Amino acid sequence: MTTSSAFEPGTGRWLTNIDKVRQVVRQELVSRQLTAHLPAAPVDVLDVGCGQGSQAIRLARAGHRVTGLDASDRMLDACREALWTEPAEVRERLTLVGGDGHAVPDLFGDRTFDAVLCHGVLMYQPDPAPLLRILLTAVAPGGLVSVLVRNGDALAFRPALLGNWRQAYDAFTSPAMYVNRLGIEARADRLGDMHATLHGLGLTVEAWYGVRTLTDALPDEAPPADITLVLDCEERAGRTDPYRHMAALYHLIGRTAR
Ligand SMILES: C[S@@+](CC[C@H](N)C(=O)[O-])C[C@H]1O[C@@H](n2cnc3c(N)ncnc32)[C@H](O)[C@@H]1O
């Protein structure tokens, strides 16, 4: 039995929508961006809040040695189920651990990883810095930190596109907090603040991307048969100003000193 997080009430809805177009866009973009920063040769990766394992499994398929850590038994079960259909060598490269990200030093001791991922987790923390500080203890010198956070610079955009004008208006008066599509109150990060936090922790921000810039207001339905063009448009928007500033999520890649 693992600990619970503020995300837990949204687990069912999250898993129901995992194969829908918005999730497909999110996971594919994050994967492309991550791949561009990771070495081609296999490295050790820790995915904190790995959830259903969308990134962890892709990385294991690519040959990396992956440890997935999550606070939710249900999410780890979903990951195990997805992993079951993978070839044996992929299954062997992914180890799943139950526990909270704050317990990383207790769980892994002095062990370090070449890359630590923290995707879709910091919005459930009152302040991103304490958890990030703990996770940094597990990053090898010159290692990579990948974070995916809700964009707090354009929080009114999604509710406005969905016609929820009360929530859009509130986003201007209370720019850090919002209710996400899972129905959970969560926290958003402004790009400047996240840069400052990462710099303050000694990281160099190597790159940042917008994720779900053009597709965030799409209904939760199956992706179109040919999603290639959608993904390519999203990828361009996520790397281009001013579009990427309007994305639902920011993906930042940081690096520790050598
Ligand atoms: C929104 S899901 C994201 C899953 C995956 N990282 C992704 O991007 O597809 C958030 C996940 O983080 C986990 N989580 C939230 N807070 C956590 C914490 N403090 N420690 C470990 N896992 C946490 C939740 O259980 C859930 O599986």
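The values are calculated or read from the model by the stated rules, or taken from the named source; none is laboratory data. No experiment lies behind these values; they were computed from the predicted model shown. Every residue, glycine as well, gets a Cβ built from its backbone with ideal geometry; the counts of neighbours run over all protein chains shown.
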Just checking, does region 179-195 include any residue being of a type in the set (S, T, N, Q) and either crowded, with 16+ Cβ neighbours inside 10 Å or in contact with a helix residue (DSSP H, G or I) (Cβ under 9 Å, 6 or more places away or on another chain) (or both)?
yes
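Conditions (1) over 14 Å from the mean Cα position of the chain (by Cα); (2) modelled with pLDDT under 95, marked per residue:
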| position | (1), (2) |
| --- | --- |
| 12 | yes, yes |
| 20 | yes, no |
| 24 | no, no |
| 29 | no, no |
| 36 | yes, no |
| 40 | yes, yes |
| 43 | yes, no |
| 48 | no, no |
| 52 | no, no |
Criterion: under 17 Å from the mean Cα position of the chain (by Cα), closer than 18 Å to residue 44 by Cα and β-branched (Val, Ile, Thr) - qualifying residue of 147, 121, 97:
147
Select from region 218-258 the residues that are surrounded by 18 or more Cβ atoms within 10 Å (Cβ to Cβ) and assigned to a loop (DSSP other than H, G, I, E, B) and list them in ascending order.
223, 247, 248, 256
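For region 35-56, which residues satisfy the criterion of being surrounded by fewer than 24 Cβ atoms within 10 Å (Cβ to Cβ) and either more than 12 Å from the ligand (Cβ to nearest atom) or part of a helix (DSSP H, G or I) (or both)?
35, 36, 37, 38, 39, 40, 41, 42, 43, 44, 54, 55
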What are the residues in region 91-112 that are hydrophobic (A, V, I, L, M, F, W, C) and either part of a helix (DSSP H, G or I) or surrounded by fewer than 15 Cβ atoms within 10 Å (Cβ to Cβ) (or both), if any?
103, 104, 107, 108
